[in-house]
1. Could you tell me which numbered condition Lys103 fails, if it satisfies all but one of (1) in contact with a helix residue (DSSP H, G or I) (Cβ under 8 Å, 6 or more places away or on another chain); (2) surrounded by fewer than 18 Cβ atoms within 10 Å (Cβ to Cβ); (3) not small (Gly, Ala, Ser)?
2. Hey, among the residues in the stretch 132-172 that are in a loop (DSSP other than H, G, I, E, B) and out of contact with any strand residue (DSSP E or B) (no Cβ under 9 Å at 6 or more places or on another chain), which one's modelled with the lowest pLDDT?
3. May I ask you to say which residue of Pro200, Pro257 is surrounded by fewer than 16 Cβ atoms within 10 Å (Cβ to Cβ) and on the phi < 0 side of the Ramachandran plot?
4. With respect to Asp36, determine if the residue is in the same structural domain as Ile166 (by TED's automatic domain parsing) and either more than 13 Å from the ligand (Cβ to nearest atom) or closer than 23 Å to Leu259 by Cβ (or both).
5. Have a look at Glu30, Glu90, Glu99, Glu9 and point out the one that is modelled with pLDDT of 95 or more, under 19 Å from Val119 (Cβ atoms), part of a helix (DSSP H, G or I) and more than 16 Å from the ligand (Cβ to nearest atom).
6. Considering the stretch 64-82 alone, what residues qualify as being buried (at least 22 other Cβ atoms within 10 Å of the Cβ) and assigned to a helix (DSSP H, G or I)?
7. Could you please tell me which pairs satisfy a Cβ distance under 9 Å, a separation of 6+ or placement on different chains, a first residue in the stretch 125-152 that is in contact (Cβ under 8 Å) with a residue 12 or more places away in the chain and within 14 Å of the ligand (Cβ to nearest atom), and a second residue that is in a strand (DSSP E or B) and of a type in the set (A, V, I, L, M)?
8. Take the residues of the stretch 207-234 that are closer than 17 Å to Leu44 by Cβ and among the β-branched types (Val, Ile, Thr): which is nearest to the ligand (Cβ to nearest atom)?
Amino acid sequence: MDKTFLINEINRLKKEKNACILAHNYQLPEVQDIADIVGDSFALSRAAAKMDNEVIVFCGVKFMAESAKILSPNKRVLLPSKYAGCPLAECIDEEQLMEEKEKHPEAAVVCYINSSTEVKAISDICCTSSNAVKVIESIDKDEILFVPDENLASYVAEKVTDKKIIPWSGGHCITHARITIEDVKKIKEEHPGAEMLVHPEVSKEIRDSAEFVGSTSQIIDYAKKSPNKEFIIGTEIGVLHKMKNDNPEKKFYLLSPRLVCQNMKMTTLKDVHNSLLNMEHEIFIPESMRIKALGSLEKMLRIE
Ligand code: CIZ
């Protein structure tokens with residue numbers, strides 16, 4: 001199908017079905033371009049809850065569409081590519097978290113938004129990469145069990161020194177984990193004047209070489225406000241689309257060509273079209289589970 005025809009059809013179906021399209025910052029450029037809102041999972045879920053469309057097409061991965069459904073139970077939430085998952089979110093299940101909780105009965109449980117609905121349901125509060133420090137600081141306990149991202153846990157532990165952060169061992173984003181210190185040395189030599197901006201899902205070694213650490217939205221924001229003209233970007237390639245559009249006079253270099261998340265790149269325009277046409281793949285969450293998971297998301301929303 002011709003691209004212009006596909007885009008026209010998506011826009012026609014969007015009106016017919018009273019749908020709104022949300023796309024994560026890591027989505028393919030052409031998917032970001034047809035979206036009503038582009039952002040991080042937190043901003044998108046919050047936007048989904050506020051808008052009055054009957055249908056939400058969530059161009060992202062499963063945990064993101066599930067978070068939108070948890071917050072918007074009366075809307076039909078569709079995930080265009082049913083295989084778009086997140087290995088980080090899948091690295092800990094309910095049973096494993098229960099075992100961990102038993103080992104640390106005094107600890108409050110904080111789950112990263114990159115986690116399953118079941119894990120959110122048995123956590124005290126959820127957080128994203130943009131608000132993790134604020135969330136931890138808001139907790140009235142000295143011990144925090146933080147799941148599942150070990151690098152984000154270590155970043156938070158550096159910022160919040162009056163609490164003991166217990167990380168879930170081995171939880172990593174496989175895309176951010178591909179960056180090596182050799183990549184950093186090479187790109188810094190090539191672009192000595194560039195500021196390096198990285199995501200907190202990178203390792204400590206990489207984080208310590210950067211000028212700024214932040215979520216995708218914070219990185220996008222930082223680059224816009226900085227007087228610098230050149231940036232090395234240490235997160236998934238998808239963010240470059242918005243950064244280049246927002247700042248045509250600035251230069252952006254991806255820290256490593258391996259910073260491509262295959263799951264985020266599964267959603268194509270054709271999938272978005274099929275999703276609207278056939279109302280697929282709809283997210284369903286049992287109500288008792290949704291209510292439990294809602295608690296940890298709502299607590300996070302209250303401290304924003
Ligand atoms: O919170 C999100 O959307 C993720 C997974 C990353 C980020 O920093 O936006």
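1. (1)
2. Among those that are in a loop (DSSP other than H, G, I, E, B) and out of contact with any strand residue (DSSP E or B) (no Cβ under 9 Å at 6 or more places or on another chain), it is Gly170.
3. Pro257
4. When the stated conditions are applied, Asp36 does not pass them.
5. The match here is Glu99.
6. Met64, Ala65, Glu66, Ser67, Ala68, Lys69, Ile70
7. Sorted first by the residue in the stretch 125-152, then by its partner, the pairs are Cys126/Val110; Cys127/Val110; Ala132/Val110; Val135/Val110; Val135/Ile125.
8. Per the criteria, the residue is Thr216.
The values are calculated or read from the model by the stated rules, or taken from the named source; none is laboratory data. Remember, it's a predicted structure, so these values are computed and weren't measured experimentally. Glycine gets a Cβ as well: all are built from the backbone with ideal geometry, and neighbour counts include every protein chain shown.
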